[in-house]
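Below is one structure; the comments refer to it alone.
The values are calculated or read from the model by the stated rules, or taken from the named source; none is laboratory data. All of these numbers come straight from a predicted model, not from anything done at the bench. Positions of Cβ are generated from backbone atoms using ideal geometry, with glycine treated the same way; all protein chains shown enter the neighbour counts.
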Amino acid sequence: MDVTELVQKAVGLQGSRPSQGPGQVGKLVNRQSRQLWEQSGLKDIGAEKVARGLGWFSIGLGIAELLAPRAVARLCGGTGRHTGLIRLYGLREIAAGLMIFSQGRKPAAGVWARVAGDALDLTTLGAAFIDPRTNKAGVLFGTANVLAVTAVDVMCAQELSREKGAMTEEGAIRFRRSVAINKSAEELYRFWHDFQNFPRFMLHLQSVTETGAGRTHWVTRAPGGRTVEWDSEITEDRENELIAWRSVGGDVYNAGSVEFEPRPGGRGTIVRIDMEYYPPGGVAGTAVAMLFNQAPEQQVQDDLRRLKQLIETGEIVRSDASPEGTGQVRQRPAQPSGE
Amino acid sequence: MRANCFHGKREMRIDNVPDPRILNQRDAIVKVSSTAICGSDLHLYNGLIPTCEHGDVFGHEFMGEVVEIGREVKNLSVGDRVVVPFPIACGNCAACGAEAYSLCENSNPNAWMAEKLMGHSPAGVFGYSHMLGGYAGGQAEYARVPFADVGPIKVPNDLADEKVLFLSDIFPTGYMGAEMCDIKQGDTIAVWGCGPVGQFAIASAKMLGAERVIGIDRFPERLRMAREKADATDTLDYEEVNIHDSLMDMTGGVGPDACIDAVGTESHLPGPLYAYDRFKQALMLETDRPFALRQAIMACRNGGVVSVIGVYGGFIDKFPMGSFMNRSLTMKTGQCHVHRYMKPLLERIQNGDIDPSFVITHQMSLDEAPEGYKTFLNKDDDCIKIVLKP
């Protein structure tokens, strides 16, 4: 079980392979969390104010963990043996708090950082529950508290993301990434139209095959040796300007467009991708994935850079530390690998 | 093969590592005949440049014989003797098109790391941290050279390694430092740092027509080399005299027309201000110690140019922005666009305008490289430039 799955289970948002299809589950989670947001009265307080409250909570808890790690451990049924770890978590809490206060009025990333921190806390509490030396009632008390604040964190982060336009009304994550390439829009449109080219620059794409009726079947590699698959159909196609698509069934809902915008003065073309998706690992899974640079936003950015390399230089640029090229997450030492 | 590898702060070791192989069809493999330790390698050695890892092969100044080429490399043949420029450049992107090779948009596969620290990424560089690509360096028996159809320059056999090796970095870097000063007849140029790059900046400033070139350092042997070999008209020892007062005295209060910072991130200064910046650096409140840069800005004449070729890694403190803005100064900077200068500077060497080998004080075998880093860092035995023979 990898981290993403562990977190999904811990947070209990959704399983990794929902039978109803990820789009539906995403929408369901979204609807439920919005209902809770409204019923609990948090909506009336407003996401910005809730975020500030969470920021102060983070800093307060962080200081407590830093100064009185033993007391915090005892309160959550711990043995008081891992004071170093709790102090580190305290620093993390303070960092998340400061992040919330340093991101302007809508600190979505800061609150998402709290969600990732909650996931870490829950994983630690899970480990504490298995440890025979801990006080089980205390651990359960701690877990209940963390779960409660996790719910507030997730709802608040979602609301902030929505207000910033980083999430659709239906709760799908929305983002935009672009790259400038030294080629004409016509050439880039033609290159993009041939989906056989995609595996050449999309690092995580295993295969894309035509299934007839204008549809394609996509298989991508996900962390932990799993694959994510879906079918896709073209929804709009304007020559040399734009291609739009949306998924129809599969493990992950995604829809988007790629636009080819000529830069002024004949300086090549901006290739811009607008996308929305329901993450297969749930929102919390995405927060964790972001920490490991595996989030779809980062993958799309990396793939655009690879596209630029391929179009401009004719190859994917490789170094000794990154023999797979841009997007490789784990670095090797900068010495020849012998492979 | 044997290679000089990083194993943490001030710990280099000769390791046996696999031989490099062609990874892309525009690659070449070069059998290194000569390589050098650069002053900027000491920044890595001292742990000041982030994203270096255990096992990284260092070295970005090297030359040798082409022993293998990819299918797409049409301009080189096996057996060619080449000097390799330290920035890696694709030759196809907009930056390469503008001859700004050290800003190549494609050669750094780890661009995202540099973007986090610097906003945008410069080109990939051999043996210079993962943030700048994670490429194995040239302090080794062999090196893989990406985009070999763009970078390496063929050199004639009648020129010794020692004469052409520095086309890889320090000669073009010093030259670009002088070129950025936009030198006019009668100009006075002050150069902070008389290490190898400073020596070439001084020599280039003279070649480009400067009347008076003032070298600043604290090591007598470097100041002597500046006067006797690089043709500096004056030198100043900053541990002996007040640099600002001396420069004002020499220029009648006007200040040098242009100031070159050939020191970079690890500059020194006698007195409490050094302790203050060193302390902040130790606490990671700033990453670079910019004494030379601060002095250069304050000393430069109104409307003059500050040319920065010393390497900086991150953030500095107490930047005299008021002086800089109110006095209409211009700052020009950059890792050298080496590819742009290799051919014209090779011609200057062939014409006998300059023999770059004058900076060499030590020759060692590759196996002695870890010892060489220590010697160079401590300036033992009047060390100025070390050339290694694999």
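For this structure, a couple of remarks:
- Residues (within 18 Å of the chain's Cα centre (by Cα) and closer than 30 Å to A:Ala185 by Cβ) located in region A:305-339: A:Gly327, A:Gln328
- Considering region A:177-199, the residues that are in contact with a helix residue (DSSP H, G or I) (Cβ under 9 Å, 6 or more places away or on another chain) and basic (Lys, Arg) include one that is surrounded by the fewest Cβ atoms within 10 Å (Cβ to Cβ), namely A:Lys183.
- Positions within region B:15-51 being modelled with pLDDT under 95 and in a loop (DSSP other than H, G, I, E, B), in sequence order: B:Asn46, B:Gly47, B:Leu48, B:Ile49, B:Pro50, B:Thr51
- Any hit, region A:157-170, residues being outside any helix (DSSP H, G or I), on the phi < 0 side of the Ramachandran plot and among the hydrophobic types (A, V, I, L, M, F, W, C): yes
Here's the yes/no breakdown for (1) buried (at least 22 other Cβ atoms within 10 Å of the Cβ); (2) within 8 Å of another protein chain (Cβ to nearest Cβ); (3) under 25 Å from B:Asn92 (Cα atoms):
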residue	(1), (2), (3)
A:Arg305	yes, yes, yes
A:Lys308	yes, yes, yes
A:Arg318	yes, yes, yes
A:Ser322	yes, yes, yes
A:Thr326	yes, yes, yes
A:Arg330	no, no, no
A:Pro336	yes, yes, no
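- Of all residues in region B:135-157, exactly one satisfies the criterion of being within 18 Å of B:Tyr45 (Cβ to Cβ), more than 7 Å from chain A (Cβ to nearest Cβ) and not in a loop (DSSP other than H, G, I, E, B), namely B:Ala140.
- Residue check, A:Ser19 under 18 Å from A:Leu160 (Cβ atoms) and modelled with pLDDT under 95: no
- Leading residue by the ranking (nearest to the other protein chains (Cβ to nearest Cβ)) among those in region B:43-61 that are more than 20 Å from B:Pro20 (Cα to Cα) and of a type outside the set (Ser, Thr, Tyr): B:Leu44
- Number of the exception - B:Gly91 against (1) surrounded by fewer than 21 Cβ atoms within 10 Å (Cβ to Cβ); (2) within 10 Å of another protein chain (Cβ to nearest Cβ); (3) within 17 Å of A:Arg305 (Cβ to Cβ); (4) modelled with pLDDT of 95 or more: (3)
- Residues within region B:167-198 that are in contact with a strand residue (DSSP E or B) (Cβ under 7 Å, 6 or more places away or on another chain) and either farther than 25 Å from B:Tyr238 by Cα or within 14 Å of chain A (Cβ to nearest Cβ) (or both), tallied: 4
Residues are listed down the side, and each one gets a yes or a no for (1) under 23 Å from A:Arg162 (Cβ atoms); (2) among the basic types (Lys, Arg); (3) surrounded by 20 or more Cβ atoms within 10 Å (Cβ to Cβ):
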{"position": "A:Gly41", "(1), (2), (3)": "yes, no, no"}
{"position": "A:Ile63", "(1), (2), (3)": "no, no, no"}
{"position": "A:Ala68", "(1), (2), (3)": "no, no, no"}
{"position": "A:Gly110", "(1), (2), (3)": "yes, no, yes"}
{"position": "A:Phe141", "(1), (2), (3)": "no, no, no"}
{"position": "A:Ala144", "(1), (2), (3)": "no, no, no"}
{"position": "A:Leu147", "(1), (2), (3)": "yes, no, no"}
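- Matching residues in region B:114-130 - criterion: being crowded, with 22+ Cβ neighbours inside 10 Å and at the interface with another protein chain (Cβ under 10 Å from one of its Cβ atoms): B:Ser121, B:Gly124, B:Phe126, B:Gly127, B:Tyr128, B:Ser129, B:His130
- Count - residues of region B:73-100 that are touching a helix residue (DSSP H, G or I) at 6+ places or on another chain (Cβ under 7 Å) and charged (D, E, K, R): 1
- Of all positions in region B:62-70, none carries a residue that is in contact (Cβ under 8 Å) with a residue 60 or more places away in the chain, within 14 Å of chain A (Cβ to nearest Cβ) and part of a helix (DSSP H, G or I).
- Of the helices (runs of 4 or more DSSP H) that lie entirely inside region B:224-333, those containing 1 or more residues that are under 23 Å from B:Ile384 (Cβ atoms) and either out of contact with any strand residue (DSSP E or B) (no Cβ under 7 Å at 6 or more places or on another chain) or not assigned by TED's automatic domain parsing to the domain that holds B:Cys181 (or both) span B:272-282, B:291-299.
- Taking the criterion of being within 17 Å of the chain's Cα centre (by Cα) and outside any loop (DSSP other than H, G, I, E, B), the residues of region B:101-134 that qualify are B:Tyr101, B:Ser102, B:Leu103, B:Gly124, B:Val125, B:Phe126.
- Residue within region A:181-188 that is basic (Lys, Arg) and under 17 Å from the mean Cα position of the chain (by Cα) present: no
- Single residue of A:Gly62, A:Gly77, A:Gly55 found to be assigned to a helix (DSSP H, G or I) and either more than 24 Å from the chain's Cα centre (by Cα) or of a type in the set (A, V, I, L, M, F, W, C) (or both): A:Gly62
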